[in-house]
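The values are calculated or read from the model by the stated rules, or taken from the named source; none is laboratory data. The shown structure was predicted, so the numbers you read here are calculated from the model rather than taken from an experiment. Every residue, glycine as well, gets a Cβ built from its backbone with ideal geometry; the counts of neighbours run over all protein chains shown.
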Amino acid sequence: MPADPLDSLRMPLVPVDPRPEFAAALLRRIEARPGPLDRYTATVRYFVTDLDAAVEFYCGLLEFEEELRPSPVFAMLYRGDLRLLLSVPGGPGAVHTLPDGTVPEPGGWNRMTLQVGDLRATVEALRARGITFRHDVLTGVGVRTVLLDDPSGNPVELIEPISGYHQRNDP
């Protein structure tokens, strides 16, 4: 029988063995959910130039947990119900060249927003670790906010709710 021409496009199967602590936390989250549509996990995908630096940034500074890193060009991280997928451009699964030749790259203005309890203290702690910010803390409608870059130039917005902040309550 001739080989399937799509075999060259298929990614190899990689066994996943998550850390026991992460697997236990994930099981607790699943068991706490009354139904499959009651809560959602948001997923953000960022392209990064250095996967190790990006994982260290998000896990070491912004309290994400690394669930898996099956290859040197992909990692899956979690922070609460937020799943962050990190991909190195050109790696398997990240080759989405548009018809005009444009390929994914880090940076831009789309971003994830993370809520913190004390924005000024968080900014001071991150500055002490060498993180630079795109601007100083600003006060907007219902939040104080600041924008920083991950090691690949992807923006991350930190917010602290203030008077007037509205958040949708779970039903």
Output the residues belonging to segment 117-160 that are assigned to a loop (DSSP other than H, G, I, E, B) and β-branched (Val, Ile, Thr).
131, 132, 137, 141
Long-range neighbours under 7 Å by Cβ, at least six apart or interchain, first residue of a type in the set (A, V, I, L, M, F, W, C) within segment 17-33, second modelled with pLDDT of 75 or more
22/65; 22/67
Restricting to segment 93-116, and then to whatever is touching a strand residue (DSSP E or B) at 6+ places or on another chain (Cβ under 7 Å) and in a loop (DSSP other than H, G, I, E, B), can you tell me which residue is modelled with the highest pLDDT?
116
Which ones in segment 61-82 are assigned to a strand (DSSP E or B) and of a type in the set (A, V, I, L, M, F, W, C)?
68, 74, 75, 76, 77, 82
Go through segment 15-44 and count every residue that is surrounded by 14 or more Cβ atoms within 10 Å (Cβ to Cβ), at pLDDT 75 or above and within 18 Å of residue 74 (Cβ to Cβ).
2
Show the residue pairs that are 6+ apart or on different chains and have beta-carbon atoms under 8 Å apart, the first residue being within segment 74-87 and under 11 Å from residue 62 (Cβ atoms) and without any contact (Cβ under 8 Å) to a residue 40 or more places away in the chain, the second being among the hydrophobic types (A, V, I, L, M, F, W, C) and surrounded by 18 or more Cβ atoms within 10 Å (Cβ to Cβ).
77/55; 77/64; 77/84; 77/86; 79/62; 79/64
For the structure I just gave you, tell me whether residue 111 is surrounded by 12 or more Cβ atoms within 10 Å (Cβ to Cβ), among the basic types (Lys, Arg) and over 21 Å from the mean Cα position of the chain (by Cα).
no
What number of residues within segment 44-76 are of a type in the set (Gly, Ala, Ser) and under 18 Å from residue 155 (Cβ atoms)?
2
Only residues that are closer than 13 Å to residue 65 by Cα and either of a type in the set (Phe, Trp, Tyr) or in a loop (DSSP other than H, G, I, E, B) (or both): list them for segment 15-31, please.
18, 19, 22
Subset of segment 149-158 (residues that are buried (at least 17 other Cβ atoms within 10 Å of the Cβ) and in contact with a Leu (Cβ under 7 Å, 6 or more places away or on another chain)):
155, 156, 158
Of a type outside the set (Val, Ile, Thr), in a loop (DSSP other than H, G, I, E, B) and either within 30 Å of residue 127 (Cα to Cα) or modelled with pLDDT of 75 or more (or both), is that true of residue 12?
yes
Could you tell me how many of the residues in segment 125-141 are surrounded by fewer than 14 Cβ atoms within 10 Å (Cβ to Cβ), in contact (Cβ under 8 Å) with a residue 12 or more places away in the chain and either closer than 27 Å to residue 164 by Cα or of a type in the set (Ser, Thr, Tyr) (or both)?
5
